[in-house]
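The values are calculated or read from the model by the stated rules, or taken from the named source; none is laboratory data. Keep in mind that what you see is a predicted model, and the values were worked out from it rather than measured. Here Cβ is always computed from backbone atoms with ideal geometry, including for glycine, and neighbour counts include all displayed protein chains. Calculation scope for accessible area: heavy atoms of the full protein, side chains included, ligands and nucleic acids excluded. Shrake-Rupley method; radii C 1.70, N 1.55, O 1.52, S 1.80 Å.
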Protein chains: 2
Amino acid sequence: MIVIADNLQGYRTEIRAALDEEDPLPVKDLVARVERAGARMIDINPGPLGRDSGKKMEFLVRTVQEVSDLPVLIDTADPEVMQAGLTASRTRSILNGFSLEPRKMKALLPLAARHDVDAVGYLLDPKGQPPVSLEDRLGIAVELDQAFRKTGLSAERLVIDPVVSPLLWGDGHRRNQILLEVLRELPEVLGRPVKTVAGLSNLTSGSAAPMEKKRRVEKAFLAMMAAAGLDMLMMNVFHRENVCMAGTCGELLSEKIFAWETI
Amino acid sequence: MIVIADNLQGYRTEIRAALDEEDPLPVKDLVARVERAGARMIDINPGPLGRDSGKKMEFLVRTVQEVSDLPVLIDTADPEVMQAGLTASRTRSILNGFSLEPRKMKALLPLAARHDVDAVGYLLDPKGQPPVSLEDRLGIAVELDQAFRKTGLSAERLVIDPVVSPLLWGDGHRRNQILLEVLRELPEVLGRPVKTVAGLSNLTSGSAAPMEKKRRVEKAFLAMMAAAGLDMLMMNVFHRENVCMAGTCGELLSEKIFAWETI
């Protein structure tokens, strides 16, 4: 399971300031730290950029790539920012992401084909809402897959995000139980291996629970998702316990010889 | 997921001494501690008892039940000791266990029917060896189920133990990956919900790895087994982290409302 850092977010004070002042140092520092912490990909989520958004995104991507060769996910719903990010990137990048929402299908998905990159498709309905039942989710996966193939990109470039529900929602854990089934059934439903990604931070976001409990819940659910076949996990990589747990799950589920040294 | 304490074992010095001297205090002390630590059932594994084995087992079971009302598993391959344990028990007890090995089928399985108790059936071949492939394991599950039904006991009294492999074996983790598939497929193969139990201590037994890594591997794999449908988990309940993780997994997989307070 590949660990993706979700730490590079424009809402963070130091990143916001770095963008406003075109100061690369805070960005470089953060990137160096997430790489040391175990990230194997970096999600670049600039948040709302105001004017000169394309230029700011270009600055962000270039700055990241001055200190890291890791693949990046360009994480925005703004087509102009997406275009700027994908154009600026010199490493393998992933469009993050599209869904069945008409404006995303129309404005974002074609950029994946134009830049010849992998793209994350969210399991959300055309209104951007998460479906509940297993049948609805698998139906949406089929639609995402069909829409993706129509772009001319090869099918294995699609990365499906089944969208983790916050436990804060009364039925969040029930929805997440269905998410595990979705992960297990996707290959059969789509008739091929299919890459998947999920965001772990969603699980406990907004909860006022103690850190120790949040980490425990996250570790439990990440192990469950790993065993259900999840390929990539986006998370706060400064939560060291979670990164270790992800590595351990990877070893337990690997085809290679199990090595205590590497966990 | 129900936590079963595997701590009450005859090889422990204080339990061995208590048996030899018919001293109930060390047993009572241990039982009180495992119950406080979160055990919901207690496995009573006397080990080899030498002469007066039946009388010693009776002493052990009675002593446990003087301080605890928890259900007990009578864990022995000796039919005389099993008979004594099941007879002595005043709470719900579980025969632990039988397999397709002829002597166990002949001498142990009938005791389950005679005492009208649940029984653990190990997924082992008639020579007592663990099968490797998914097909072989599911085939053995069907045979265990058929043998069990022939005793006249109702099918839901069978508890299948898919037998966790030690990571010390070169292919232990690969075998355990198949174990997860077995857990997921058993209900369909047997055509009904089927109770399952597994022993967590097996996973890391014999490994010289640091405690911290052992606990991490155990927590990862217990979460995976829980999500695959495991009902009961036997473990050292003094490993507090593992007990907490088992409780957290139970909440995440429950149909009830998720409550941070209870994890």
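For the reader, a short list of remarks on this structure follows.
- For B:L200, neighbours were defined as the other residues whose beta-carbon sits under 14 Å from its Cβ, and their charges (Lys and Arg +1, Asp and Glu -1) total -1.
- Buried accessible surface for the B/A chain pair comes to about 3100 Å², total over both chains, computed with a 1.4 Å probe.
- Too-long pairs where the Cα-Cα distance tops 20 Å, listed order kept, from A:K28/A:K104; A:K214/B:K195; A:K56/A:K127; A:K219/B:K214; A:K256/B:K213: A:K28/A:K104; A:K214/B:K195; A:K56/A:K127
- Our summary gives chain A a relative contact order of 18 percent, counting only alpha carbon pairs under 8 angstrom and 6 or more residues apart.
- Under the criterion of Cα pairs below 8 Å and six or more residues apart, the relative contact order for the range A:146-237 equals 33 percent.
- Per residue, in Å², the accessible surface of chain A once ligands and nucleic acids are set aside, probe 1.4 Å: 42
- Estimated translational diffusion coefficient (Stokes-Einstein, Kirkwood radius over Cα pairs, 4 °C, 1.567 mPa s) of the range A:104-149: 115 µm² per second.
- Cα gyration tensor shape for the range B:1-117, rounded if a/c is under 1.5, else prolate or oblate: oblate
- With the convex hull drawn over the C-alpha atoms of chain A, the volume per residue is 129 Å³.
- Sorted from nearest, the other copies put their A:P210 label points 2.4 nm away, the label point being 7 Å from Cα in the direction of Cβ.
- Helix-only CD estimate at 222 nm, as mean residue ellipticity for chain A, using -39500 (n - 2.57) per DSSP H run (n ≥ 4): -15500 deg cm²/dmol
- Sorted shortest first, the distances from the A:G170 label point to those of the same residue in the other copies are 5.6 nm; each point sits 7 Å from Cα along Cα-to-Cβ.
- Summed side-chain charge close to A:V159 - residues other than A:V159 whose Cβ falls under 13 Å, Lys, Arg +1, Asp, Glu -1: -4
- Restriction of the GluC sites (Glu not before Pro) in the range A:1-87 to DSSP coil positions whose beta-carbon has at most 14 other beta-carbons within 10 angstrom yields A:E22.
- With all protein chains in place and a 1.4 Å probe, the accessible surface of the range B:1-111 carries 50 percent carbon and sulfur.
- Where the alpha-carbon atoms of the range A:192-249 are placed on the principal axes, they occupy 41, 22, 17 Å, in descending order.
- Scaled against 2.2 N^0.38 Å for its residue count N, the alpha carbon radius of gyration of the range B:80-183 is 1.12.
- Computed over the range B:40-93: relative contact order in percent, which uses C-alpha pairs under 8 Å that are six or more apart: 46
- For the rotational copy relationship between A and B, the axis lies nearest to a chain A beta carbon, identified with its distance in whole angstrom as A:A223, 2.
- Counting from the shortest, the label point at A:R149, 7 Å from Cα toward Cβ, is 4.1 nm from the same position in each remaining copy.
- Spatially proximal aspartates and glutamates relative to A:K55 (Cα-Cα < 16 Å; intrachain offsets below 8 disregarded): A:D20, A:E21, A:E22, A:D23, A:D75, A:D78, A:E80
- Net charge in the neighbourhood of B:A107 (other residues with Cβ under 14 Å of its Cβ; Lys, Arg +1, Asp, Glu -1) is +1.
- The equivalent ellipsoid that matches the C-alpha gyration tensor of the range B:137-263 spans semi-axes of 26, 20, 12 angstrom, in descending order.
- Rounded to the nearest whole angstrom, the semi-axes of the ellipsoid equivalent to the protein assembly as shown, taken from the Cα gyration tensor as √(5λ), stand at 51, 24, 19, largest first.
- The alpha carbons of the range A:158-211 stretch over 41, 18, 13 Å along the principal axes, in descending order.
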